[in-house]
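Peer 1: Structure below; questions to follow.
The values are calculated or read from the model by the stated rules, or taken from the named source; none is laboratory data. The structure presented is a predicted model; accordingly, all values stated were derived computationally and were not measured. All Cβ positions, glycine included, derive from the backbone under ideal geometry; neighbour counts span all protein chains shown.
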């Protein structure tokens, strides 16, 4: 099964080798039939501590690295892995 890749914005880089990435999605509201934005934050492993707040990041699924981290960031400027 292929690994999912999501794109978002780094909202926190306080942890060592960890970034928090906010991913926004647009959905159609079932009753109002209006486009609504939904967001979710993912903790991702950043081995090189290279991402800073406000940067766009791509994250990919991985085996659990800790209690919250089951994603890791793709290196800057890299093509799709998988």
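Peer 1: I'd like to know if the range 14-27 contains one or more residues that are on the phi < 0 side of the Ramachandran plot, at pLDDT below 95 and either surrounded by 14 or more Cβ atoms within 10 Å (Cβ to Cβ) or assigned to a strand (DSSP E or B) (or both).
Peer 2: yes
Peer 1: Could you run through the range 48-63 and say how many residues are surrounded by fewer than 10 Cβ atoms within 10 Å (Cβ to Cβ) and more than 15 Å from residue 11 (Cβ to Cβ)?
Peer 2: Residues that pass the stated criteria total 2.
Peer 1: Hey, among 63, 44, 57, 82, which residue is closer than 21 Å to residue 2 by Cα, at pLDDT 95 or above and assigned to a loop (DSSP other than H, G, I, E, B)?
Peer 2: 63
Peer 1: Residue 77: in a strand (DSSP E or B) and either in contact with a strand residue (DSSP E or B) (Cβ under 7 Å, 6 or more places away or on another chain) or surrounded by fewer than 15 Cβ atoms within 10 Å (Cβ to Cβ) (or both), yes or no?
Peer 2: Against the criterion (in a strand (DSSP E or B) and either in contact with a strand residue (DSSP E or B) (Cβ under 7 Å, 6 or more places away or on another chain) or surrounded by fewer than 15 Cβ atoms within 10 Å (Cβ to Cβ) (or both)), residue 77 does not qualify.
Peer 1: Can you pull out every residue in the range 1-43 that is more than 12 Å from the chain's Cα centre (by Cα) and within 18 Å of residue 76 (Cβ to Cβ)?
Peer 2: 13, 17
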